[in-house]
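Following: one structure in structure tokens, then a few remarks.
Please treat every number below as a calculation from the coordinates, not as lab data. The structure presented is a predicted model; accordingly, all values stated were derived computationally and were not measured. Quick reminder, even Gly has a Cβ in these numbers, built from the backbone with ideal geometry, and neighbours come from all protein chains shown.
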Amino acid sequence: MADPFVSIAARLAPAFAAVAGNACDPVVRPSDRADAQANGALALAKALGSTPRDVAQRVLDAAGDVSDVLASTEIAGPGFINLVFTNEYLATQVAIAMADERLGVRASTDPHTVVIDYSAPNVAKEMHVGHLRSTVIGDALVRVLSFVGHTVIKENHIGDWGTPFGMLIEHLIDLGEENAAHELGVGDLDGFYKQARAKFEASDEFKTRARQRVVLLQGGDADTLRMWRTLVQESTRYFNKVYSQLDVLLTDDDLMGESAYNDLLAPVVDRLDAAGILVESDGAEVVFADGFTNRDNEPLPLIIRKGDGGYNYATSDLACVIDRVERLGARSLLYVVGAPQAQHLQMVEAVARQAGWLPEGYIMNHVAFGSVLGADRKILKSRAGETVKLTALLDESIERAEAAVAEKNPSMSTEERTAVANMIGIGAVKYSDLSSDRVKDYLFDWDRMLSFEGNTAPYLQYAHARICSIFRRASVDRVSVRGVTPQLVEQQERNLALRILRFDAAVWEMIDTLSPHKLCTYLFDLASDFTSFYEHCPVLKAESDTIRDSRLALADATARVMEQGLQLLGIRAPEQM
RNA sequence: GCUCACGUAGCUCAGCGGAUAGAGCACUUGCCUCCGGAGCAAGGGGUCGCAGGUUCAAUUCCUGCCGUGGGCGCCA
């Protein structure tokens, strides 16, 4: 257990239990006036018919000698127990954490299979900032859940099926398959989709062809399927270019489009019927989930099969639940999907539970996120009023980063500058998306996200690069100081050591709340504590070799935690910038 | 109308039922014989949307209102 708060809570728990007469939480929290404070005594006082300060004293008496861990335990205010760790304890814990491959982060005590549904762009449609959020947040969750030992299955539920494909295929035929494939291949997905859409709306003849084509597609017509595959392949090739630029983990192996569930749709209907919850309503087959009403306060159905016999998204979402639980063996299903779909997903979950497809203890969690807003506080649009293309946005970020690097580090070679600009530009976009509470809308601001000041990726990357530079300058191999247990004398050394040890807690907070911004906040605090340390404690000019090695060990530990933390967010940490 | 989010410094955002609500930017003031100043230290700036309630203790939990945004039967 690397987090000293967890350790001390475990240490005090028996003492609290002895005083309370049953198990109770010591409520260890960060404190302004000590390393930590235990607040558990205040809640106990009333039940014990005593004062909080008296309870606190009894707890401390019951705890016995804790001097191996704590330098002081002081009862303060109404009954807080202020806790100060010994320097030796913190130093030893840092050494232990640094000898661990996960840098002190606890492994999951309950590893299981988690399916994460994220990204989900549509075939023959441009990726936009909504996909950016889903992709970046989902990718971070994949990394962090894998890190603590879960088996994570990535599922990219691309929109590759449904009625729009009638018009898309007819448009493909009109353009000539070669031309169309080329257009899609170079990434002009939006143009393609819009042209098809325009024809569909303008021409009855085209509309009729498109509808007939949908029938052919669903009927499995070989020629139609071949053209459909062209659309899908050219689109996924384009998605892969974006994923590669974005530096996320998704590959073709993770593709699990709507079309993949075709054969599972009829069984969904059958099984709902067998469960006795399928109802006919206005010609459609639906399930009424408890607690959902429409605008007239009538029960709101989840439509399983439309009046025309076709299926829709609720059906395939239910098929997904079955597939993920029964075939993939997942116990936890995460959906990184925009907040507007909250009710839909709640209904799917409610029906899945009613049908018995999500047993007790199985989790279906909507990892909801808000919209990306422009400077006008409205959903981000380009100057022309259209959705912003993801590739254009990423290109611009890299360009801006490159300009900044060129200005601030002119001596860097062109090759290196290109590589570093990529890490900074992409890191900045991802971090700005990850660093605030995902459920809120967030304001897209180039200048802020690419700034080297404040809670930004470049600031964190800079802190890391600076540490690498210290070792370069001193010609010291970082590995060589890894066995050193640091000496914590100065306040800044102590603060930094304690922060390093809190990495464990930060990672677990991100996992428990599925909120990457918890880890971001931690890394920003780590960088702040480091710069403060570096300002006050000479490293290479330390007064003795012992102190120098101790400080180098702290610097190395900081850089390792920073790099690992950024890696869990899907962000690179260049060694110079 | 019903329903789900959100509302914290001028701006962008943290904040776990606990002590005096924090950070970054911007603003003011220090620190350049400095290891990467892309920095550090300090200062000003708040009726935590409003009103009740629960609690020893509420920015945090509950209820109502106000404001903003979203969702509400065959699109996904």
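For region A:164-249, the equivalent ellipsoid derived from the alpha-carbon gyration tensor has semi-axes of 24, 15, 11 Å in decreasing order. Across all Cα pairs in region A:233-273, the calculated P(r) in 10 Å bins from zero up to the longest distance comes to 24, 37, 19, 17, 3 percent per bin.
For the pair region A:461-506 / region A:56-126, the C-alpha centres are spaced 19 Å from each other. Residues in region A:13-28 carry Karplus couplings, in order, of 3, x, 5, 4, 4, 5, 6, 7, x, 7, 4, 8, 7, x, 6, 7 Hz; the curve used is 6.51 cos²θ - 1.76 cosθ + 1.60 with θ = phi - 60°, and Gly or Pro positions show x.
Please find the FRET efficiency linking A:D223 to A:S451, where r is the Cβ-Cβ separation and R0 is fixed at 51 Å, and quote it to the nearest 0.05. Taking R0 as 51 Å, the efficiency between A:D223 and A:S451 is 0.40.
A cut-off of 5 Å between modelled amide H atoms, ignoring neighbours fewer than 5 places along the same chain, links A:A34 with no other residue. Between A:D512 and A:D263, the simple spin-label model (points 7 angstrom out along Cα→Cβ) gives 4.4 nm. Computed from backbone phi with θ = phi - 60° and the Karplus coefficients 6.51, -1.76 and 1.60, the 3J(HN,Hα) list for region A:307-317 is x, 8, x, x, 9, 9, 5, 4, 5, 6, 5 Hz; x is used for glycine and proline. Let's test the formula: R0 of 22 Å, r as the Cβ-Cβ distance of A:D252 and A:H112. What FRET efficiency results, to the nearest 0.05? After rounding, the FRET efficiency stands at 0.30. Based on alpha-carbon centroids, what's the gap between region A:127-165 and region A:524-577 in Å, whole number please? Using only Cα atoms to place each centre, the spacing works out to 33 Å. Taking other C-beta atoms within 10 Å as the exposure proxy, A:E575, A:E402, A:E258 rank A:E575, A:E402, A:E258 from fewest upward.
Once you order the gyration tensor axes a ≥ b ≥ c over the Cα atoms, which shape class does region A:428-500 get: rounded for a/c under 1.5, otherwise prolate or oblate by comparing a/b with b/c? Prolate shape, in that a/c is at least 1.5 and a/b is the bigger ratio.
In units of the rule-of-thumb radius 2.2 N^0.38 Å, region A:415-568 shows an alpha carbon radius of gyration of 1.08. Across every pair of non-identical alpha carbons in chain A, the mean reciprocal distance, once inverted, gives a Kirkwood radius of 27.1 Å. Computed per residue of chain A from DSSP H runs no shorter than four, each worth -39500 (n - 2.57), the mean residue ellipticity at 222 nm is -17500 deg cm²/dmol. Extension gain, A:D61 to A:A198: 0.36 nm times the residue separation minus the Cα-Cα distance gives 41.4 nm. With all pairs of separate Cα atoms included, region A:4-85 yields a Kirkwood hydrodynamic radius of 12.2 Å. Normalised by residue count, region A:299-407 yields a Cα convex hull volume of 207 Å³ per residue. Distance between the 7 Å Cα→Cβ label points at A:N297 and A:K46: 3.7 nm. Summary value for chain A: 15 percent relative contact order, contacts being C-alpha pairs under 8 angstrom separated by 6+ residues.
Between A:S532 and A:S475, the C-beta separation translates, for a Förster distance of 30 Å, into a calculated FRET efficiency of about 0.70.
A simple spin-label model places the labels of A:A375 and A:R482 4.8 nm from each other, with each point 7 Å out along Cα-to-Cβ.
By the count of neighbouring beta-carbon atoms within 10 Å, fewest first, A:E386, A:E170, A:E563 end up ordered A:E386, A:E563, A:E170. Residues A:I500, A:I303 in ascending order of nearby Cβ atoms (within 10 Å, fewest first): A:I303, A:I500. Computed with the Debye formula from one identical point scatterer per Cα of region A:186-235, without solvent, the log10 of I(q)/I(0) at q = 0.21 Å⁻¹ comes to -0.87. Over region A:144-206, all Cα pairs binned in 5 Å intervals from 0 give whole-percent P(r) values of 4, 15, 20, 19, 11, 6, 6, 7, 7, 4, 2, 0, listed from short to long. Across region A:415-429, coupling constants 3J(HN,Hα) worked out from phi with the 6.51/-1.76/1.60 Karplus curve, θ = phi - 60°, read 4, 5, 4, 4, 5, 5, 4, 4, 5, 6, x, 6, x, 5, 5 Hz, and Gly and Pro carry x.
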